[in-house]
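Worksheet: the structure to be examined is printed underneath.
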Amino acid sequence: MKFIALAALASTAALATPASAGVFVNVENNGTRLGSDYLGSTTDLHLGFEGGSEKFAYYIQGGPAIVDVQGADQDWRLSAKAGGSFAAGDQLDVYGEISMLTSDQDLDIDNSWGTKIGAKFKF
């Protein structure tokens, strides 16, 4: 249900805002290997919106995801991400992201969630 609300918000922003105001398409593949063994990958096909100011930037994106696990059929699911960054100083940015991927009912796997938080120091 949260994903549906997130997707509705992203598509409303995309439809209500001119393309120059921060609407984007993001295609991203995240693969996993353990040593020389390929374990799988997820390819996100997202529509998103970004904005902000000199001190703060944010984005929200979502759409279908192609999940390819070694030894299994490809699976289509839904995924979404939201994040932002804050200029804490002239040489320091702090950022964070939350992401989700819907469940796989065939394999009895729940929704998966991820978080990212970090700092970038500029020299």
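The values are calculated or read from the model by the stated rules, or taken from the named source; none is laboratory data. As the structure is a computational prediction, the values presented were derived from the model and not from experiment. Note: ideal-geometry Cβ built from the backbone for every residue, glycine included; neighbour counts use all protein chains shown.
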Checklist entry - So, in the range 71-123, of the ones that are in a strand (DSSP E or B) and among the hydroxyl-bearing types (S, T, Y), which residue ends up farthest from G48 (Cα to Cα)? => result S112
Item to check | Matching entry among D44, D68 (being assigned to a strand (DSSP E or B), modelled with pLDDT under 95, surrounded by 11 or more Cβ atoms within 10 Å (Cβ to Cβ) and not hydrophobic (A, V, I, L, M, F, W, C)) | outcome: D68
Checklist entry - Of the numbered conditions (1) under 21 Å from L101 (Cβ atoms); (2) exposed (fewer than 13 other Cβ atoms within 10 Å of the Cβ); (3) modelled with pLDDT of 95 or more; (4) out of contact with any Asp or Glu (no Cβ under 8 Å at 6 or more places or on another chain), F49 satisfies every one except a single condition; which is it? => result (2)
Checklist entry - How many of the residues in the range 71-86 are among the polar types (S, T, N, Q) and either at pLDDT 95 or above or crowded, with 19+ Cβ neighbours inside 10 Å (or both)? => result 2
Checklist entry - How do the pairs read when you match residues in the range 17-30 that are modelled with pLDDT of 95 or more with residues anywhere that are not in a strand (DSSP E or B), using Cβ under 8 Å and keeping only pairs 6 or more apart or on different chains? => result V23/A13; V23/A14; V23/T17
Checklist entry - Among the residues of the range 87-95, is there at least one that is among the β-branched types (V, I, T), at pLDDT 95 or above and in contact with a helix residue (DSSP H, G or I) (Cβ under 8 Å, 6 or more places away or on another chain)? => result no
Item to check | Failed item, numbered, when S103 is tested on (1) in contact with a strand residue (DSSP E or B) (Cβ under 6 Å, 6 or more places away or on another chain); (2) at pLDDT below 95; (3) more than 25 Å from L47 (Cβ to Cβ) | outcome: (3)
